[in-house]
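Take a look at the structure below.
The values are calculated or read from the model by the stated rules, or taken from the named source; none is laboratory data. Computed from a predicted model, the values in this text were never measured in an experiment. Cβ sites come from the backbone with ideal geometry, for glycine too, and all protein chains shown count toward neighbours. Heavy atoms of the whole protein, side chains included, go into the accessibility calculation; ligands, DNA and RNA do not. Shrake-Rupley method; radii C 1.70, N 1.55, O 1.52, S 1.80 Å.
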Amino acid sequence: MGELFICNEPIAALPYYIEGISWNVYSIEELCYYIEHNTYLLEKDFMTEELCTWIGKEVKNLKLAERLRDIMRMEGSLSEFVLVLLVECGYCSKETIKEVVRILQEMEEMSDFECSKLRADRLMEKEKYLSSIYEYRNLLDSNDAGEQSKELLGAIWHNLGTAYARLFLFQEAISCYEKAYAYNANVESLKECLMAYGCMQDEAGFNQAVLTYQVHPELVQSIQNEIALARKSAEVERFESRLDEIAATNIKGQRKQYQTAVSDIIYNWKEEYRRICKV
């Protein structure tokens, strides 16, 4: 189900296209909604003449368009630009506006590298795993990567591994977690590496990793218990019960019902995977 927007400003005949998330907005309210929910994705290039032209021409708010242009002419900050936009619209509460501006001002004090990591983290939180993988890879391949601390690089490799794991690309995830552990010696990276082996049901790989990294027996047992619990979770048991029901229809000769049920499951899996792979 989509969101319902109550718009006080005119609805644009032609939308403004936000390239970062491939989204068209038709009103100032929609634009403010985007800003509120994607603050960490905003960059300086959000301030464009194209946006000002759209606000003036399509939304019919010439006064706001000129105020935003003035900020650009004076080489103002992104936080100032966004503040004027949010206040003029009136869509967001005062508390929300204050928080958005605070985040932007905080990011303006960060290096480009740190801001890019923050955006990649936010993309992963929003389940845009493929986009976050591109961002993390770009960070690791950048010229600035060599100047970063081992802790920060380890965190990037760890998060990259998590993004791969969420896409069921466990072999790629294992490689990333191992690199993360080499940088930061964080036990959490090692744990996730072993969990990925468990998800692949690669017992030989799991045991070899335990030997290679001299994992404490208590941690090994803890991970094995966690994997076992995940396989017996209520959600898994409900799904297995549903599979048994579907299999029963086939045994009873209800071939069409069986095929329909199986097709529905596969279709839903595909749709979910497409969603999380969407850039």
If you average the alpha carbon positions of the range 9-58 and of the range 145-171, how far apart do those two centres end up, in angstrom?
31
Between Ser77 and Glu203, what is the spin-label point distance in nm, taking each point 7 Å from the Cα along the Cα→C-beta axis?
5.9
Using the Karplus curve 6.51 cos²θ - 1.76 cosθ + 1.60 with θ = phi - 60°, work out ³J(HN,Hα) for each residue of the range 159-174 in order, rounded to whole Hz, and write x for Gly and Pro.
5, 4, x, 5, 4, 5, 4, 5, 9, 6, 9, 6, 5, 5, 4, 4
Mind ranking Trp269, Trp23 by accessible surface for me, highest first, 1.4 Å probe?
Trp269, Trp23
Leading residue at positive end of dipole, the chain (Cβ point charges), from Ala228, Phe170, Val101:
Ala228
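Whenever you get a sec, line up Val215, Val187 from highest to lowest accessible area (probe 1.4 Å, protein heavy atoms). Walk me through the numbers on the way to the answer.
Numbers: Val215 15, Val187 85 Å².
Result, largest first: Val187, Val215.
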Heavy atoms of Tyr33: accessible area, 1.4 Å probe, square angstrom to 10:
40
Test of understanding: in a Gaussian network model of the chain with alpha carbons linked when under 10 Å, which of Ser22, Ser79, Ser189 would top the mean-square fluctuation ranking?
Ser22
Quick one: helix 203-212 against the long Cα principal axis of the chain, what's the angle to the nearest 10°, folded into 0 to 90?
80
Residue (of Tyr33, Gly198, Met74) at the positive-pole extreme of the chain, dipole from beta-carbon charges
Gly198
Sorted largest first, the Cα spans of the chain on the principal axes come out in Å as 67, 57, 30
Compute, for Tyr181, the solvent-accessible surface of its heavy atoms (probe 1.4 Å) with the complete set of protein chains present, and express it in square angstrom to the nearest 10.
60
Once phi is turned into θ = phi - 60°, what whole-Hz ³J(HN,Hα) does the Karplus curve with 6.51, -1.76 and 1.60 give for every residue of the range 233-239, x standing for Gly and Pro?
5, 4, 5, 5, 5, 5, 5
Helix 62-73 axis, angle to the chain major axis (alpha carbon atoms, nearest 10°)
80
Using a 1.4 angstrom probe and counting only protein chains, how large is the accessible area of His216 in Å², to 10?
110
Average Cα contact separation per residue, the range 37-176, under 8 Å, 6 or more apart, as relative contact order %
17
For the chain, which whole percent of the accessible surface, found with a 1.4 angstrom probe, sits on carbon and sulfur atoms?
51
Return the subset of Lys191/Lys232; Lys57/Lys126; Lys60/Lys94; Lys44/Lys98; Lys44/Lys94; Lys150/Lys270 for which the Cα-Cα distance in this structure is over 30 Å, preserving the input order.
Lys57/Lys126; Lys150/Lys270
Distance between modelled label sites at Ile251 and Tyr273, nm, 7 Å Cα→Cβ extension:
2.9
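Which sequence of Phe168, Phe239 reflects their accessible areas, 1.4 Å probe, from the largest down?
On the way: Phe168 130, Phe239 75 Å².
Of Phe168, Phe239, the descending order of accessible area is Phe168, Phe239.
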Between helix 28-37 and the chain, what is the angle of the helix's C-alpha long axis to the longest principal axis, kept within 0 to 90° and rounded to the nearest 10?
40
